[in-house]
Amino acid sequence: MKHIINSYENINDTARNNSDCPRVVLPEEIFFTISIVGVLENLIVLLAVFKNKNLQAPMYFFICSLAISDMLGSLYKILENILIILRNMGYLKPRGSFETTADDIIDSLFVLSLLGSIFSLSVIAADRYITIFHALRYHSIVTMHRTVVVLVVIWTFCTASGIAMVIFSHHVPTVITFTSLFPLMLVFILCLYVHMFLLARSHTRKISTLPRTNMKGAITLTILLGVFIFCWAPFVLHVLLMTFCPSNPYCACYMSLFQVNGMLIMCNAVIDPFIYAFRSPELRDAFKKMVFCSSTARMTDP
């Protein structure tokens, strides 16, 4: 959303003059490099799951959904940089109809990345909850058919919401809706965690007999959630400050860090695949097979 993504350009001049904080500007090459790495890493995750039948399970499909969200966030920045380069080279008219349309499409990818991450993490949390406390009925509850239906519903909703948010991005209710999804996801997952904790205390023996992989999945989710909050929360706070106190010098001081907050979002897409690989031996083995098989194939080519 131009109103949100480029908001640091719209900081009130008076607020900027009253603030002693200079705007932090990072080289575009940093963003471009991190984005390329993020796209490639998450693409490897998707290929690893779809090329290995033993990974084609609901849990890994939900991870693929999160990987797609991360990849869209990186792709947004790559396309934005390409658009800027074309404009600087004179191939596009500044604020022309094509650039405006392309801007809206690219901004939709950004919003889709956030929404996709929120709902993917939520459904992963629900999956871990069912795995731990309904282990015996897990495969009858979380079937592949239901998994596909849930993912289709999530991405249909996210796509429609992303387009609507970009179209109405200049309205305050849209900004409130956009930012409220972040704490709502945290509340939902926190409720699951509290319920799991209470059940764990009353069923200590039962929990201790569960496979270690079930509890390991819950720990992995906790790490993913922590990284997501760390990388996205500064940007969400930026949007709120930009909407409700753009003239305040203290708000302007925080908003001077806009590009740093943007870089954190790009880093989220790079960090998540490392978490998958570190926490999942199955994915780690799949990555190794992909790398070694491709290296062997190149060596045996005449």
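The values are calculated or read from the model by the stated rules, or taken from the named source; none is laboratory data. This structure is a prediction, so every number in the text was calculated from the model and none was measured. Positions of Cβ are generated from backbone atoms using ideal geometry, with glycine treated the same way; all protein chains shown enter the neighbour counts. To get the accessible areas, we keep the full protein, side chains included, count just its heavy atoms, and leave off ligands, DNA and RNA. Shrake-Rupley method; radii C 1.70, N 1.55, O 1.52, S 1.80 Å.
Data overview
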read-out	value
Set Val25, Val37, Val49: member being among the hydrophobic types (A, V, I, L, M, F, W, C) and farther than 26 Å from Leu283 by Cα	Val25
Subset of region 183-209 [open to solvent by less than 50 Å² (accessible area, probe 1.4 Å), modelled with pLDDT under 75 and not β-branched (Val, Ile, Thr)]	Met196, Leu199, Ala200
Among (1) open to solvent by less than 80 Å² (accessible area, probe 1.4 Å); (2) under 24 Å from Asn261 (Cβ atoms); (3) in contact (Cβ under 8 Å) with a residue 12 or more places away in the chain, the one test that Ser180 misses	(3)
